[in-house]
């Protein structure tokens, strides 16, 4: 059953919004964490809820012990503890997914879904891909170890890792932004907040069940499902379908977050109006782009600029772009095809950056008419590039 | 525009979206629309 059609889901939304409206300060994230575990246990079962708490406990123990060792000047010991924590988190995570998807380790190892003779390392990395929870684990570990935000207790961490309203399609909230709620006073229920939350929720449901469903019915009939795209036109239809489906889920999550005062980032901002592929990625799945920018692109770009100097920043700028988008590709699926898709996307962004910087030296490019023309033709260029890349990656994914 | 009118419009808009969603969730409505294609 689709989780948004489960009446218990909406009962939890009402319960959380009432209980959390009275709680403010540092206990807020802990109260939500405890409530959330109960919700997960009822909605998807006690084993997934226990796995989420196990992840939070492994993460908390590792980060707390590493911090203690660091304050005593034992940097090497702290690094060993962090490595052990990473191994424990991967073990809990992959273990749960293996048992959930395959039933047993033997069945997982003998599965030929990824191809024959695939080693355990690739199988484990594949189990980690396409997971919002795993990215939140990474964000929490990086944010706490770099001292940007304090470590919270295991219950609060469990609430951050798998909030019930972000289960289906994210977004990936940043650790620092999520726990900013602990510095806020109680947010009593207000009619205005209720109305705007309901507006977001109804818009999300409309995207998902009216527009995306209509597209599916138009393309494949009442009982049909989206299948392998045979032509580029099919892929274009699939791209629009994915947008309304994914943006619908995300908008519902934003509405519930607003209603319960749980920080929930926006995930889409009219991506098909973007006039460059670079702008598209700041408007599509924004929380994933923000994660990659925060944790991969910016640190790498800064390191390389320091190493090679500001004069060569343009040339070396291609490396962080390729690595950031290579990661995005592999996150979607741990395979060569998706890695190539990500690297291609990184290369397009770099080329766009070079062209943009170069064209700025021509006064004609700053002309109002040229800018209007670019803003009109840009969205068509973006749509074709993204649809063509999706066409390639879908055919890779389906082995066509 | 006064506040009452804004609220009436907002809730009307919400009700319209939810009514269409409810209709789309009813397979017989979908079958009926699809038959018209």
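If a/c stays under 1.5 just call it rounded; otherwise compare a/b with b/c (prolate if a/b is bigger, oblate if not). Do that for the range A:204-360, with a ≥ b ≥ c from the square roots of the Cα gyration tensor eigenvalues. Here the range A:204-360 falls in the prolate category. Kirkwood hydrodynamic radius of the range A:1-89, from the reciprocal of the average inverse Cα-Cα distance over all distinct pairs: 15.4 Å.
Across q = 0.14, 0.18, 0.21 Å⁻¹, the range A:356-398 modelled as identical point scatterers on its alpha-carbon atoms has Debye log10 I(q)/I(0) values of -0.50, -0.64, -0.73, in the order of the q list. For the pair residue A:270 and residue A:138 in one chain, pulling the backbone fully straight at 0.36 nm per residue adds 44.7 nm over the alpha carbon distance. If R0 is 30 Å, the Cβ-Cβ spacing of residue A:395 and residue A:79 corresponds to a FRET efficiency of close to 0.10.
Using only the C-alpha atoms, the convex hull of the range A:25-166 corresponds to 113 Å³ per residue. Can you figure out the FRET efficiency of residue A:38 with residue B:33, using R₀ = 45 Å and their beta-carbon distance, to the nearest 0.05? For residue A:38 and residue B:33, the calculated efficiency is 0.65.
Each principal axis of the Cα cloud of the range A:128-199 was evaluated for its coordinate range; sorted largest first, these ranges are 39, 28, 18 Å.
In whole angstrom, the range A:332-379 maps to an equivalent ellipsoid with semi-axes of 32, 13, 5, each derived as √(5λ) from the alpha carbon gyration tensor and ordered largest first. Note on residue A:148 and residue A:68: their simple-model spin labels are 2.7 nm apart, each label 7 Å out from Cα toward Cβ.
Extension gain for the segment residue A:111 to residue A:351, taken as residue separation times 0.36 nm less the Cα-Cα distance, is 82.4 nm to one decimal. Based on the Cβ-Cβ distance from residue A:371 to residue A:319, what FRET efficiency comes out when R0 is 35 Å, to the nearest 0.05? Computed FRET efficiency for residue A:371 and residue A:319 comes out at 0.70. The mean sequence separation of alpha-carbon pairs under 8 Å and at least six residues apart, normalised by the residue count of chain A, gives a relative contact order of 17 percent. Estimated from helical segments only, the mean residue ellipticity of the protein assembly as shown at 222 nm is -22500 deg cm²/dmol, where each DSSP H run of four or more residues counts as -39500 (n - 2.57).
Which one, A:262, A:296, A:351, has the greatest fluctuation when you compute a Gaussian network model over chain A with C-alpha springs under 10 angstrom? Its mean-square fluctuation being the largest, the pick is A:351. Principal axis extents of the C-alpha atoms in the range A:256-336 (largest first, rounded to whole Å): 48, 29, 29.
For the options A:258, A:152, A:356, a Gaussian network treatment of chain A with springs between C-alpha atoms closer than 10 Å singles out A:356 as fluctuating the most. Other protein chain C-beta atoms within 10 Å of residue C-beta, averaged over A:184-197: 1.
Here the Gaussian network model covers chain A, with springs between Cα atoms less than 10 Å apart; of A:77, A:342, A:170, A:77 fluctuates the most.
Distance distribution note for the range A:136-285: the fraction of Cα pairs above 24 angstrom is 45%.
Here the range A:269-400 is described by how far its Cα atoms reach on the three principal axes: 47, 39, 24 Å, from widest to narrowest. Start at zero, step by 20 Å, and the Cα-Cα distances of the protein assembly as shown spread as 21, 55, 23, 1 percent across the bins.
Read-outs throughout are calculated quantities, based only on the coordinates presented, and are distinct from any laboratory measurement. No experiment lies behind these values; they were computed from the predicted model shown. Cβ sites come from the backbone with ideal geometry, for glycine too, and all protein chains shown count toward neighbours.
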